[in-house]
Amino acid sequence: MGIKLPRFILKIQEFFDGIHIPVLGISLWQMFQIYISGIFKGKIGRKAAAISWSFTISLFPFLLFLLSVLPYMPHYDKLQFYIFEVLMHNVFPSNMEGDVRGYIETNIIPNMKGISNLTIILALVFATNGTFSLINGFNE
């Protein structure tokens, strides 16, 4: 004995079952069923969690890479002004902006010239980990 579904759900099912996707040769309802079964029975959740973890972990080396390359960019003064006056104002809350700006100005900017090329290359390699995991997730 099957589960009784309300009439409006059956009408929705009939509507989506009437729409056929030309490329796949299946109805839209069948595509929804395949998608939902892939989410609940497949590895999609685990892959999404692994990709988001890799992106989160690769964010900090990417920021280190950007801060390392910043002094070698043309128009460094204009770029630094944009970061401190426009970008930080829009990203951080007002009570936290001053602390972050002070930390960057006193601790990070004076030491940026002392960062070696090896550090820049390693930061770039570790920062690409998120993109690499995304590509691997789509290939599987």
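Structure summary
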quantity	calculated
Pairs where the first residue, in the stretch 30-42, is of a type outside the set (Asp, Glu) and the second is part of a loop (DSSP other than H, G, I, E, B) and at pLDDT below 85, C-beta under 9 Å, 6+ apart	Gln30/Leu24; Met31/Leu24
Residue satisfying condition, being within 30 Å of Ala49 (Cα to Cα), at pLDDT below 80, under 19 Å from the mean Cα position of the chain (by Cα) and surrounded by 11 or more Cβ atoms within 10 Å (Cβ to Cβ), within set Asn139, Asn129	Asn129
Residues (part of a helix (DSSP H, G or I) and either hydroxyl-bearing (Ser, Thr, Tyr) or at positive phi (or both)) located in the stretch 8-64	Tyr35, Ser37, Ser52, Ser54, Thr56, Ser58
Pairs, first closer than 15 Å to Glu85 by Cα in the stretch 95-108, second part of a helix (DSSP H, G or I), C-beta under 7 Å, six or more apart	Glu97/Met88; Glu97/His89; Val100/Met88; Arg101/Phe84; Arg101/Met88
Cross-chain or 6+ apart pairs with Cβ under 6 Å, the stretch 1-20 first and acidic (Asp, Glu), then at pLDDT 85 or above	Asp17/Ser27; Asp17/Trp29
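Residues are listed down the side, and each one gets a yes or a no for (1) modelled with pLDDT of 75 or more; (2) not β-branched (Val, Ile, Thr):
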{"site": "Ser94", "(1), (2)": "yes, yes"}
{"site": "Gly98", "(1), (2)": "yes, yes"}
{"site": "Glu105", "(1), (2)": "yes, yes"}
{"site": "Ser116", "(1), (2)": "no, yes"}
{"site": "Ile121", "(1), (2)": "yes, no"}
{"site": "Ser133", "(1), (2)": "yes, yes"}
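The values are calculated or read from the model by the stated rules, or taken from the named source; none is laboratory data. Keep in mind it's a predicted model, so treat the numbers as computed, not measured. Note: ideal-geometry Cβ built from the backbone for every residue, glycine included; neighbour counts use all protein chains shown.
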